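What follows is one structure encoded as structure tokens, with my remarks underneath.
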Ligand code: SF4
Ligand code: SF4
């Protein structure tokens, strides 16, 4: 049976949609946002991570690596050009400082795991959220998993970056989804390409199409914007988003305040930090800054979802 790469199945989440939810994090994303809060979900293949704060310095791993990929002189500890992802070191590390990132699962395995929490979904009006990475990367797999959950009476939400083929989405995924969280990050297409890796044409077209269907009685769509200092949170960008929402009669949105925790996650994966990640991107976003962004939307009559 076909399997896909899953980063994590997380239970008891209160932050990924209504009620108590289980979150299925897919691995792989068509975008490459420099601030991605889940950088371990960006690549489609398995990876190895090293958390220096968990390492007890036992040196067991050094003796198990036949590729000589591990060295305390290496600032990332692992030389990923030498590592062949055999995960011998991970198996032998007593402290979980070394970890495998990404596991293959099939549809029944995912469904069986998350259904264990169905009593919590039922009592809290919760359900299952598909996140990532980008859950629509494998539409066939996503659609089959969502369908199986719907057949078990589970509320299904997907969090998407919007970069997908609409016809395929409409055929394979849309019929099995109750709620769509849709990211609108940067309105200027050249800026979108600079910071997220691709222009935003497809994303905006998909958003407009899905939102119009929602207003016609289709699946609810909630647009969301991550507030990234001096990238998405500029007055110019937020006002452009407000204009889009006015055109599409959007009455409600969600803003996600910035936090810098992604930077440590990048280092665990051996990814150097971009030069733009210094300054404000190295700090938690001040409440006043978040409130100023919120005011741009509320002044335009667009409500904020907590
Ligand atoms: S995964 Fe294998 S090759 Fe890579 S560092 Fe660990 S032991 Fe070495
Ligand atoms: S085996 Fe684990 S705890 Fe021991 S040195 Fe290697 S990474 Fe650190």
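Here, each number is a calculation from the coordinates, and none is a lab measurement. What you see is a predicted model; the values in this text were computed from it and never measured. Here the Cβ is made from the backbone with ideal geometry for all residues, glycine too, and neighbour counts use every protein chain on show.
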For q = 0.10, 0.15, 0.16 Å⁻¹, Debye-computed log10 I/I(0) when each Cα of segment 156-302 counts as one equal scatterer: -0.38, -0.84, -0.94
Over segment 47-101, relative contact order from alpha-carbon pairs under 8 Å, at least 6 apart, %: 52 percent
Volume of the Cα convex hull of segment 14-62, divided per residue and given in Å³: 160 Å³
Average Cα contact separation per residue, the chain, under 8 Å, 6 or more apart, as relative contact order %: 18 percent
Ordering of 17-23, 46-52, 189-195 by packing [mean C-beta count within 10 Å, highest first]: 17-23, 46-52, 189-195
Cα centroid separation, segment 29-81 to segment 92-154 (Å): 24 Å
Cα-derived Rg over Rh, computed across segment 215-306 with Rh taken as Kirkwood radius: 1.05
Order of 79, 16, 178 under a 10 Å beta carbon neighbour criterion, fewest first: 79, 178, 16
For segment 47-101, Kirkwood radius (reciprocal of mean inverse C-alpha pair distance, Å): 10.9 Å
Value of [θ]222 nm, deg cm²/dmol, for the chain, DSSP H segments ≥ 4, -39500 (n - 2.57) each, nearest 500: -9500 deg cm²/dmol
Relative contact order of segment 151-306, pairs being alpha-carbon contacts under 8 Å that are 6 or more residues apart, as %: 21 percent
Helix axis angle, 287-299 relative to the chain longest principal axis, alpha carbon, degrees: 30 degrees
Reciprocal mean inverse distance between Cα atoms of segment 70-212 - Kirkwood radius, Å: 18.1 Å
If the convex hull is drawn through the Cα atoms of segment 112-167, its volume per residue in Å³: 90 Å³
Helix axis angle, 139-151 relative to the chain longest principal axis, alpha carbon, degrees: 70 degrees
Residue 2 paired with residue 71, simple spin-label distance in nm, labels 7 Å along Cα-to-beta-carbon: 4.3 nm
For 1, 105, order by how many other beta-carbon atoms lie within 10 Å, fewest first: 1, 105
Rounded to 5, the percent of DSSP beta bridges in segment 1-150 classed as antiparallel: 75 percent
Volume of the Cα convex hull of the chain, divided per residue and given in Å³: 149 Å³
Rounded to 5, the percent of DSSP beta bridges in the chain classed as antiparallel: 40 percent
Ratio Rg/Rh, restricted to segment 1-97 and using Cα atoms, in which Rh is the Kirkwood radius: 1.03
Among 148-160, 244-256, the order from most to least packed when residues are scored by Cβ within 10 Å on average: 148-160, 244-256
Residue 14-residue 251 FRET efficiency (beta carbon distance; Förster radius 25 Å; 0.05 resolution): 0.55
